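Enquirer: Here it is, the structure, as structure tokens.
The values are calculated or read from the model by the stated rules, or taken from the named source; none is laboratory data. Keep in mind that this is a model prediction, so the values were computed, not measured. Reconstructed Cβ throughout: ideal geometry from the backbone, glycine too, with neighbour counts over all protein chains shown. The protein model used for the area step is the full one, side chains on, heavy atoms only, and it has no ligands, DNA or RNA in it. Shrake-Rupley method; radii C 1.70, N 1.55, O 1.52, S 1.80 Å.
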Amino acid sequence: MKRLLINKIVLSLCTLSAILGIVFLGWILTTLFIKGISSFHFSLFVNDLINGGLRNLIIGQFILVGLASIVGIPLGMIAGIYIREYGRGKYPNIIRNLSDIMMSAPSIVIGAFVYAVVVVPSGHTSGFAGAIALSIMMIPIVISTTDSMLSLVPKELREAGIALGASKYKVIFDIVIRSAKVGIMTGILLAIARIIGETAPLLFTSQTSNYFSLDLTHAFPSLTVSIYTLANDVEASSRDLAWAASFILTVLVLFINLSGKFITRNKK
Amino acid sequence: MEKIFQKISFGSATLVLIILIGIFISLFIAAKPAMSEFGFNFITNPVWNKEVVIASPTNQVKQNTNVNQDDSVVENDFSDDDVIPMDDELNTNSTTKTIYGGLVPIIGTILSTIIALAFSLPIAMGIAVFLAEIAPTNISKIVGGAIELLAAIPSIIFGMWGLYYFAPLVADLFGGFQVSLLTAGLVLGVMILPFMAAITRDSMNTTPDVLKESAYALGATKFEVIKDVIFPYSKVGIIGSIILSLGRALGETMAVAFLIGSIFQLPHKLTDPTISIPVALANNFGEASGLGMSSLFYLAFVLFILSFAVISFAKFYFLRKENA
């Protein structure tokens with residue numbers, strides 16, 4: 001009897017903690033929804049921050065993430081291909097482990113690194129520095145997904161390609177990548193979802209700007225950095241704007257995240 | 001083509017190594033002035049950005065009399081006395097220096113991480129057990145997906161929610177300040193919760209069904225199977241996941257920046273405000289210069305080494321990835 005009782009208690013505690021996890025998610029999402037909707041207005045997409053809107057910030061964040069992806073995705077994929085397809089001996093495994101460590105490295109440290117090697121020599125913050133910081137965050141994530149997706153491709157496919165006389169390069173691009181395409185795409189979407197909400201690496205690399213700007217050589221508007229400054233503002237109107245911005249950011253992140261998962265589920 | 005691509009792929013893989021070494025070296029160089037100035041005492045010194053007079057007490061007295069003299073100087077205007085206070089001012093300037101010590105942010109980082117772990121560990125284990133063993137497959141999928149969504153929410157959102165909604169509740173329950181070590185640690189705990197739960201569930205799922213079934217066949221209850229079969233089997237993975245989450249919590253910036261209070265002051269109670277390394281960097285990087293800047297890089301260096309050590313420890317001892 002006692003054993004059964006303990007069993008019941010522990011199992012209900014476990015269920016309770018799962019409920020608690022859901023409660024936290026629900027609490028955060030409801031807060032965001034209520035606060036976000038109440039200060040949400042379509043004029044936010046038309047005006048820049050200086051006029052009480054978010055247009056420049058949203059466009060700026062997209063440009064930063066876009067640039068980081070243009071650099072980070074190909075580099076990460078090619079490095080992942082090297083680790084899985086080309087590497088011999090211990091070296092690829094060392095790179096794999098280092099890349100995993102880099103993935104968990106504090107993002108603020110990456111910001112400090114980019115500050116030391118880009119911002120200090122150039123003398124001021126710039127959009128480029130922000131994009132570089134984000135791409136450094138992105139590379140290890142893309143490496144790890146490419147690596148694990150390629151590992152799922154059966155060896156026989158590669159052997160068949162080679163038996164037909166295709167070069168290794170051809171086999172990788174026409175057979176291996178093609179069959180791992182869906183998984184890699186999901187991984188890339190999740191990587192984008194992860195860095196689009198990053199604030200710490202941008203704080204002192206791109207900083208943020210109240211004005212619309214396409215000039216990547218100077219301080220660049222960033223949605224996340226502006227949320228941080230707005231949320232700590234004494235004025236209630238700024239804080240409302242921060243809530244609206246957080247709402248938009250979270251919807252964006254969750255949308256990218258869920259569509260990534262949806263692609264995989266559909267293919268399966 | 002083949003050869004070129006092989007070279008390119010080798011190059012981009014090596015880029016990871018180069019970036020990591022680059023981070024190490026550039027942080028070290030930028031921290032060098034502070035390192036040579038304060039040495040290892042930096043880590044144990046609780047004072048940050050404080051002007052300290054390193055002259056004898058008599059000099060200080062002199063300085064005080066100077067102030068009085070200065071007053072009289074104004075009255076006398078261009079008298080001979082004017083030259084003397086000028087000289088002395090120069091003297092006092094050269095005998096003060098600004099001292100930076102990293103103890104407060106280091107302690108703040110470690111304590112907030114411990115609070116986060118203490119809070120999230122039991123809940124994460126509960127969630128993992130629920131997902132792996134209790135819930136039917138479809139419910140487990142839905143709840144698991146929801147927990148993963150929690151992990152996807154940007155940390156700055158956790159910070160805002162924590163500051164305006166969670167912290168008042170915690171302050172009501174435990175008293176003290178709304179921005180404190182405790183609230184920062186708890187929100188940090190909520191943040192690493194999904195991460196820890198997901199890896200723990202994955203390692204629990206590696207337990208072979210045969211082992212579980214034989215235990216059930218012996219009449220064990222579900223709890224006994226979890227305690228005596230699944231936990232021992234997946235122990236290594238679970239410890240690895242805990243240490244990995246610890247590494248995450250160490251470097252988390254934005255959520256903590258909202259909540260820890262950002263004061264360079266050692267906390268006496270859990271509900272006191274203090275500061276952590278990432279927050280010190282985030283809030284002071286913009287205004288710092290000279291030795292202050294270098295000290296911030298020293299802190300960044302300490303954080304990098306700390307998280308590097310923690311993560312590689314978890315990787316190499318507990319979560320060793322197989323080649324294939």
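Enquirer: Given the criteria under 24 Å from B:Val310 (Cα atoms) and either assigned by TED's automatic domain parsing to the domain that holds B:Pro208 or open to solvent by less than 10 Å² (accessible area, probe 1.4 Å) (or both), does B:Ala152 qualify? Full working, then the answer.
Expert: Numbers: under 24 Å from B:Val310 (Cα atoms): yes; either assigned by TED's automatic domain parsing to the domain that holds B:Pro208 or open to solvent by less than 10 Å² (accessible area, probe 1.4 Å) (or both): yes.
In short, yes.
Enquirer: What are the residues in the stretch B:252-290 that are among the hydroxyl-bearing types (Ser, Thr, Tyr) and open to solvent by 30 Å² or more (accessible area, probe 1.4 Å), if any?
Expert: B:Ser262, B:Ser289
Enquirer: How many of the residues in the stretch A:232-250 are free of Cβ contacts under 8 Å to residues at least 12 places away in the same chain and among the aliphatic types (A, V, I, L, M)? Quick ask: steps written out before the conclusion?
Expert: Looking only at the stretch A:232-250, we keep the residues that are free of Cβ contacts under 8 Å to residues at least 12 places away in the same chain, and these are A:232-236, A:238-239.
Then keep just the ones that are among the aliphatic types (A, V, I, L, M); that gives A:234, A:236.
So the answer is 2.
Enquirer: In the list A:Ser99, A:Ser104, A:Ser126, which residue meets the criterion of being of a type outside the set (D, E, K, R) and more than 7 Å from every other protein chain (Cβ to nearest Cβ)? Give the derivation first.
Expert: Numbers: A:Ser99 fails: more than 7 Å from every other protein chain (Cβ to nearest Cβ); A:Ser104 fails: more than 7 Å from every other protein chain (Cβ to nearest Cβ).
The match here is A:Ser126.
Enquirer: Can you pull out every residue in the stretch A:215-226 that is in contact (Cβ under 8 Å) with a residue 60 or more places away in the chain and open to solvent by less than 20 Å² (accessible area, probe 1.4 Å)?
Expert: Within the stretch A:215-226, the first condition is being in contact (Cβ under 8 Å) with a residue 60 or more places away in the chain, and the residues that meet it are A:215-224, A:226.
Scanning the stretch A:215-226 gives A:Phe220, A:Pro221, A:Ser222, A:Leu223, A:Thr224, A:Ser226.
Enquirer: Still on this structure, I have one more. Looking only at helices (runs of 4 or more DSSP H) that lie completely in the stretch B:166-272, which have at least 2 residues being within 23 Å of the chain's Cα centre (by Cα)?
Expert: Details: elements: B:167-174, B:181-204, B:209-217, B:222-225, B:231-251, B:254-259.
Once the helices (runs of 4 or more DSSP H) in the stretch B:166-272 are filtered for at least 2 residues that are within 23 Å of the chain's Cα centre (by Cα), what remains is B:167-174, B:181-204, B:231-251, B:254-259.
Enquirer: Quick one: how many residues across the stretch B:103-160 are more than 9 Å from chain A (Cβ to nearest Cβ), more than 29 Å from A:Ser107 (Cα to Cα) and in a helix (DSSP H, G or I)?
Expert: First, pick out the residues of the stretch B:103-160 that are more than 9 Å from chain A (Cβ to nearest Cβ): B:103-121, B:132, B:136-142, B:144, B:151.
With more than 29 Å from A:Ser107 (Cα to Cα) added as a condition, the list becomes B:132, B:136-142.
From what's left, in a helix (DSSP H, G or I): B:132, B:137-142.
Number of matching residues: 7.
Enquirer: Any idea how many residues of the stretch B:9-43 are more than 7 Å from every other protein chain (Cβ to nearest Cβ) and of a type in the set (Val, Ile, Thr)?
Expert: Total satisfying the criteria: 6.
Enquirer: Could you pull out the residue among A:Ile132, A:Ile63, A:Ile136 that is away from chain B (no Cβ under 11 Å) and in a helix (DSSP H, G or I)? Even if it seems obvious, please write down each step before you answer.
Expert: Details: A:Ile132 fails: away from chain B (no Cβ under 11 Å); A:Ile136 fails: away from chain B (no Cβ under 11 Å).
Just one listed residue meets the conditions, A:Ile63.
Matching residues to (1) touching a residue at least 60 places away in the same chain (Cβ under 8 Å); (2) not acidic (Asp, Glu):
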| position | (1), (2) |
| --- | --- |
| B:Glu224 | no, no |
| B:Tyr233 | no, yes |
| B:Leu270 | yes, yes |
| B:Ile277 | yes, yes |
| B:Gly292 | yes, yes |
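Enquirer: What are the pairs, 6+ residues apart or on separate chains, where a residue within the stretch A:47-59 that is over 15 Å from A:Ala242 (Cβ atoms) has its Cβ under 7 Å from a residue that is basic (Lys, Arg) and surrounded by 17 or more Cβ atoms within 10 Å (Cβ to Cβ)?
Expert: Taking only residues 6 or more apart or on different chains, the pairs are A:Asn47/A:Arg55; A:Asp48/A:Arg55.
Enquirer: Out of (1) part of a loop (DSSP other than H, G, I, E, B); (2) open to solvent by 50 Å² or more (accessible area, probe 1.4 Å); (3) closer than 27 Å to B:Leu250 by Cα; (4) not basic (Lys, Arg), the odd one out for A:Thr229 is which?
Expert: (1)
Enquirer: Could you figure out which of (1) open to solvent by 10 Å² or more (accessible area, probe 1.4 Å); (2) hydrophobic (A, V, I, L, M, F, W, C); (3) within 11 Å of another protein chain (Cβ to nearest Cβ) isn't true of A:Ile58?
Expert: Of (1) open to solvent by 10 Å² or more (accessible area, probe 1.4 Å); (2) hydrophobic (A, V, I, L, M, F, W, C); (3) within 11 Å of another protein chain (Cβ to nearest Cβ), only one is false for A:Ile58: (3).
Enquirer: Considering every residue within the stretch B:308-315, establish whether at least one is closer than 15 Å to B:Ala31 by Cα and assigned by TED's automatic domain parsing to the domain that holds B:Ala167. If you could, list the steps in order and put the result at the bottom.
Expert: Residues of the stretch B:308-315 closer than 15 Å to B:Ala31 by Cα: none.
Within the stretch B:308-315, none of the residues are closer than 15 Å to B:Ala31 by Cα and assigned by TED's automatic domain parsing to the domain that holds B:Ala167.
Enquirer: From B:Ile107, B:Ile99, grab the single residue that is within 24 Å of the chain's Cα centre (by Cα), under 19 Å from B:Leu303 (Cα atoms) and modelled with pLDDT of 85 or more.
Expert: Details: B:Ile99 fails: under 19 Å from B:Leu303 (Cα atoms).
Just one listed residue meets the conditions, B:Ile107.
Enquirer: Would you check if A:Leu25 is among the aliphatic types (A, V, I, L, M), within 30 Å of B:Leu246 (Cα to Cα), open to solvent by less than 40 Å² (accessible area, probe 1.4 Å) and more than 22 Å from the chain's Cα centre (by Cα)? Even if it seems obvious, please write down each step before you answer.
Expert: Working: among the aliphatic types (A, V, I, L, M): yes; within 30 Å of B:Leu246 (Cα to Cα): yes; open to solvent by less than 40 Å² (accessible area, probe 1.4 Å): yes; more than 22 Å from the chain's Cα centre (by Cα): no.
Answer is no for this residue.
Enquirer: Quick check on the stretch B:126-145. Is at least one of its residues in contact with a Pro (Cβ under 9 Å, 6 or more places away or on another chain) and assigned by TED's automatic domain parsing to the domain that holds B:Thr274? Walk me through how you get there before you give the answer.
Expert: Narrowing the stretch B:126-145 to residues in contact with a Pro (Cβ under 9 Å, 6 or more places away or on another chain): B:127.
Of the ones still in play, those that are also assigned by TED's automatic domain parsing to the domain that holds B:Thr274 are B:127.
Looking through the stretch B:126-145, at least one residue is in contact with a Pro (Cβ under 9 Å, 6 or more places away or on another chain) and assigned by TED's automatic domain parsing to the domain that holds B:Thr274.
Enquirer: Would you mind stating whether B:Thr200 is more than 9 Å from chain A (Cβ to nearest Cβ) and surrounded by fewer than 18 Cβ atoms within 10 Å (Cβ to Cβ)? Quick ask: steps written out before the conclusion?
Expert: On the way: more than 9 Å from chain A (Cβ to nearest Cβ): yes; surrounded by fewer than 18 Cβ atoms within 10 Å (Cβ to Cβ): no.
No.
Enquirer: Looking at this structure, is B:Leu186 touching a residue at least 24 places away in the same chain (Cβ under 8 Å), within 14 Å of chain A (Cβ to nearest Cβ), farther than 18 Å from A:Lys35 by Cα and open to solvent by 10 Å² or more (accessible area, probe 1.4 Å)? Give the derivation first.
Expert: Numbers: touching a residue at least 24 places away in the same chain (Cβ under 8 Å): yes; within 14 Å of chain A (Cβ to nearest Cβ): yes; farther than 18 Å from A:Lys35 by Cα: yes; open to solvent by 10 Å² or more (accessible area, probe 1.4 Å): yes.
Judged against the criteria, B:Leu186 is a match.
Enquirer: Quick one: which residue in A:Ile78, A:Ile110 is facing chain B (nearest Cβ under 8 Å) and crowded, with 24+ Cβ neighbours inside 10 Å? Let's see the steps before the verdict.
Expert: Working: A:Ile78 fails: crowded, with 24+ Cβ neighbours inside 10 Å.
A:Ile110 is the lone residue from the list that is facing chain B (nearest Cβ under 8 Å) and crowded, with 24+ Cβ neighbours inside 10 Å.
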